[in-house]
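Encoded as structure tokens, the structure appears first; notes follow it.
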Amino acid sequence: MSNPPQSFTPELIRKEQLTGDTYSFYFSRPSTFEFISGQYIKMILNIENPDERGISRFFTIASSSTEGILIITTRIIQSSFKETLDALPIGAKVQMSGPHGTFVLDEQDPRGKVYLAGGIGITPARSILVYLRDKNLDTSFILIASFSNRDEIIFQDELNSLANNNRKIIYVVTSEEGRIDEDKIRKNVQNLNSLFYISGPAGFVSAMEGLVKNIGVSEENIKSEDFPGY
């Protein structure tokens, strides 16, 4: 059961650069804030001259509920919001609300899970994989993550360390080996009756939905969430 949304004001405790323009922001987590892997928060910043997208954004929580922190991972692009976020000093407090969303890990569903991620859409998968490890769950989980170039890959060492007999991690670098296609899925997924999760930019999500339907995955076995811009 999902927890009701609440408003809270966490503190920025650490910032980490993952690639050239992708950063993880580590915030304190209130003891009363509970969430399910795959959910997201709304962040509101104090911006003096906001652009047309305003003073708020939605971010998937990249950390697991088993961790005592909140991790937000995003690309820092040219926008008033992202520039303000990037400039936050350690110790700054921001306004958040959540959790929101139904794109979540269903522990009660015995089927295996296949996760297709495009770029920053990998953030919910990081939350799920850490949760599966920390709870010592033997759920079958296959992550196939697509990045345009090798230097854009995030979480690789950490997620590879989480792989075991039940958890398989595959990275696809499209500039070197092409996009995720039917052959790549069939090669790595033996059971097409698994529950398929798809997240990333809208174009990626739409393409992957069509692809998995074409290879016989029923619509009720597909959960998807697109990331509308950064």
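Computed values, structure above
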| quantity | calculated |
| --- | --- |
| Matching residues, segment 208-226, being hydrophobic (A, V, I, L, M, F, W, C) and either touching a strand residue (DSSP E or B) at 6+ places or on another chain (Cβ under 6 Å) or surrounded by fewer than 18 Cβ atoms within 10 Å (Cβ to Cβ) (or both) | 208, 212, 215, 217, 222 |
| Count of residues meeting criterion [loosely packed, with under 12 Cβ neighbours inside 10 Å and either among the acidic types (Asp, Glu) or not in a loop (DSSP other than H, G, I, E, B) (or both)] in segment 136-149 | 1 |
| Selected residue (only one of 125, 62, 117 is small (Gly, Ala, Ser), assigned by TED's automatic domain parsing to the domain that holds residue 190, in contact with a helix residue (DSSP H, G or I) (Cβ under 9 Å, 6 or more places away or on another chain) and not in a helix (DSSP H, G or I)) | 117 |
| The one condition in (1) in contact (Cβ under 8 Å) with a residue 24 or more places away in the chain; (2) within 23 Å of residue 70 (Cα to Cα); (3) surrounded by fewer than 18 Cβ atoms within 10 Å (Cβ to Cβ) that residue 163 fails to fulfil | (1) |
| Condition check for residue 32: more than 30 Å from residue 196 (Cβ to Cβ), of a type in the set (Ser, Thr, Tyr) and assigned to a loop (DSSP other than H, G, I, E, B) | yes |
| Segment 12-46, residues that are among the acidic types (Asp, Glu) and buried (at least 21 other Cβ atoms within 10 Å of the Cβ) | none |
| Residues of segment 65-81 classified as touching a residue at least 60 places away in the same chain (Cβ under 8 Å) and either surrounded by 20 or more Cβ atoms within 10 Å (Cβ to Cβ) or not assigned by TED's automatic domain parsing to the domain that holds residue 34 (or both), total | 4 |
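The values are calculated or read from the model by the stated rules, or taken from the named source; none is laboratory data. The model shown is predicted, which means the values in this text are computed figures rather than measured ones. FYI the Cβ positions are ideal-geometry reconstructions off the backbone, even for glycines, and counts take in every protein chain you see.
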